[in-house]
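Let me begin by presenting the structure, written as structure tokens, before commenting on it.
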Amino acid sequence: MAFSKEEIAQRIAKEIKDGYYVNLGIGIPTLVANYIPKGINIVLQSENGLLGMGPFPFEGEEDADLINAGKQTITTLPGSSIFDSAMSFGMIRAQKVDLTILGAMEVSENGDIANWKIPGKMVKGMGGAMDLVASAKNIIVAMQHINKAGESKLLPNCTLPLTGVKCIRKVVTELAVLDILTEGGFKLLERAPGVSVDFIKQSTLGRLVVEGEIPEMQLN
Amino acid sequence: MINKVVSGAEEAIHDISDGVTIMLGGFGLCGIPENCINALVAKKTKNLTCISNNAGVDDFGIGLMLKQRQVKKMISSYVGENAEFERQLLSGELEVDLIPQGTLATRCLAAGYGMPAIFTPAGVGTEVAEGKEIRNFDGKDYLMEYAFDADFALVKAWKGDTAGNLIFRSTSRNFNPVMAMAGKTTIAEVEELVEAGELDPDHIHTPGIYVHRIFQGKDYEKRIEQRTVRKK
């Protein structure tokens, strides 16, 4: 059984260590906040200028001046701090943020990522994604392994306009957990329960490296 | 002392003429200079180049200026929530320069700090890098990006004083302080305008030297783009 989006988020949450400053992108990455293991305390960075992002406000307590980078109303927490956009990207560029989790439309076997533009169709812009992937020391991509047409999104080379080059080292999909090797190639680390290595091979257009037995992903 | 206080948005923007470049603070609809935007909509100033992280929504913020075709060019990082914007872009009526958000903020900062350019890794190896100078520092490539050159900056603050000092509230700070520093003429609209001396100097986010005109805005709508709540 392929993983749901919630299960992808739950698996990624296991990668988070106590004390991390973490930037979560929009989509599956946002869900990761719901699965932070007990005893692990992290600080969420929202690139519009907040460290220490709290949960959504209670009904009636929304504050138009307090939003996250997805423009959702949120809250602060004890220890939160507010700053301007230049400082926000300053701390990202200076690698003060320990972990960045973001979505992707395509990832290549050498770690390139495309997630901001479909020429002629979608022209929303890159937001902070190019800054994040160019500077973050530790990036996990949460994405679908195959698109709705059944085509692989893990490719030898990205076909869409790039967001960043040679910057992605780990990918978690509905089918598998993979590392991207510095010499190129997706190294299969774990598979979703009941998903065969053969199916992952068929679903990965980029070079897949399989060594030994591949364990099933554990969520807890 | 020079009088920086003006009566309202109409007076503040009186010399923003067709074809100039303006910066507008805000992230999404949070912390946007609502009064100045409405005054520009009423004045129907045309052929503007707008530097702003986002382009508003169809019926609020910069979206109102787009609807009247007042904008010749947008320089933004994310413009996803505006159907009219997308239509004008795809039909070629609107010039758009999409740039990384950190690059946008830091190009403002550079202008306010008197530095002609910055080096950033954002966009290296992508179409953003096309035609730009690349420098290698310690084995890593960086793009040279120029400081912005904007005729006017329109910013929104929470509190301000008659000396032009500004204090922002919560995440409505966003691009406002760096844009305030970057405009050749900076216009600040504030929710509460007080006499010089009433704000604690230690609490000032933007020193008044960067602010040329200031007024107390009115009728703030402060529209929420994504109202997300949890149950009690």
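Taking first residues from the range A:116-130 that are facing chain B (nearest Cβ under 7 Å) and partners that are in a loop (DSSP other than H, G, I, E, B) and polar (S, T, N, Q), the Cβ contacts under 8 Å between residues at least 6 apart in sequence or on separate chains come to A:Gly125/B:Ser77; A:Met126/A:Thr163; A:Met126/B:Ser77; A:Gly127/B:Ser77; A:Gly128/B:Ser77; A:Met130/A:Thr163; A:Met130/B:Thr126. Regarding the range A:69-89, can at least one residue be identified that is assigned to a loop (DSSP other than H, G, I, E, B), closer than 29 Å to A:Phe186 by Cα and within 12 Å of chain B (Cβ to nearest Cβ)? No; the residues of the range A:69-89 include none that is assigned to a loop (DSSP other than H, G, I, E, B), closer than 29 Å to A:Phe186 by Cα and within 12 Å of chain B (Cβ to nearest Cβ). For the subset of the range B:100-148 comprising residues that are among the aromatic types (Phe, Trp, Tyr) and in contact (Cβ under 8 Å) with a residue 24 or more places away in the chain, which member is farthest from the other protein chains (Cβ to nearest Cβ)? Across the range B:100-148, the extreme among qualifying residues is B:Tyr146.
Selection within the range B:116-137: residues that are among the acidic types (Asp, Glu) and under 20 Å from A:Ala114 (Cα atoms). The member of this set that is most open to solvent (accessible area, probe 1.4 Å) is B:Glu130.
For the range B:202-211, taking the residues that are farther than 8 Å from B:Asn165 by Cβ and part of a helix (DSSP H, G or I), the one that is farthest from the chain's Cα centre (by Cα) is identified as B:Asp202. Figure legend. Inter-residue proximity from the range B:1-22: first residues in contact (Cβ under 8 Å) with a residue 24 or more places away in the chain, second residues part of a loop (DSSP other than H, G, I, E, B) and surrounded by fewer than 17 Cβ atoms within 10 Å (Cβ to Cβ), beta-carbon distance below 8 Å, spacing 6+ or different chains. Indicated pairs: B:Gly8/B:Lys218; B:Asp18/B:Lys46; B:Asp18/B:Asn47; B:Gly19/B:Lys46; B:Gly19/B:Asn47; B:Thr21/B:Asp149. Being over 26 Å from B:Glu81 (Cα atoms), at pLDDT below 95 and out of contact with any helix residue (DSSP H, G or I) (no Cβ under 7 Å at 6 or more places or on another chain) is a condition met by at least one residue of the range B:211-232. From the list B:Phe175, B:Phe152, B:Phe148, the one residue that fits, being out of contact with any Pro (no Cβ under 9 Å at 6 or more places or on another chain), over 19 Å from B:Glu34 (Cα atoms) and crowded, with 21+ Cβ neighbours inside 10 Å, is B:Phe148. Being closer than 30 Å to B:Ile134 by Cβ, charged (D, E, K, R) and open to solvent by 50 Å² or more (accessible area, probe 1.4 Å) is true for just one of B:Lys231, B:Lys184. Which residue is that? Only one candidate qualifies: B:Lys184.
Candidates A:Lys153, A:Lys166, A:Lys148: the one that is open to solvent by 50 Å² or more (accessible area, probe 1.4 Å), over 13 Å from the mean Cα position of the chain (by Cα) and modelled with pLDDT of 95 or more is A:Lys166. With the requirement that a residue be closer than 22 Å to A:Asp63 by Cα, more than 14 Å from chain A (Cβ to nearest Cβ) and buried (at least 19 other Cβ atoms within 10 Å of the Cβ), what does the range B:188-216 give you? Once the filter is applied, which keeps residues that are closer than 22 Å to A:Asp63 by Cα, more than 14 Å from chain A (Cβ to nearest Cβ) and buried (at least 19 other Cβ atoms within 10 Å of the Cβ), the range B:188-216 yields B:Ala188, B:Glu189. Applying the set (1) among the aromatic types (Phe, Trp, Tyr); (2) in contact with a Ser or Thr (Cβ under 8 Å, 6 or more places away or on another chain); (3) under 25 Å from B:Leu40 (Cβ atoms) to B:Phe85 leaves exactly one unmet item: (2). Residue count for the range B:81-98 under the criterion of being at the interface with chain A (Cβ under 8 Å from one of its Cβ atoms) and closer than 21 Å to B:Leu154 by Cα: the result is 2.
The values are calculated or read from the model by the stated rules, or taken from the named source; none is laboratory data. Since this is a predicted model, take the numbers as computed values, not measurements. Cβ: placed from backbone, ideal geometry, glycine included. Neighbour counts: every protein chain shown. Note: accessible area is taken over every heavy atom of the protein model, side chains too, but ligands, DNA and RNA are not part of it. Shrake-Rupley method; radii C 1.70, N 1.55, O 1.52, S 1.80 Å.
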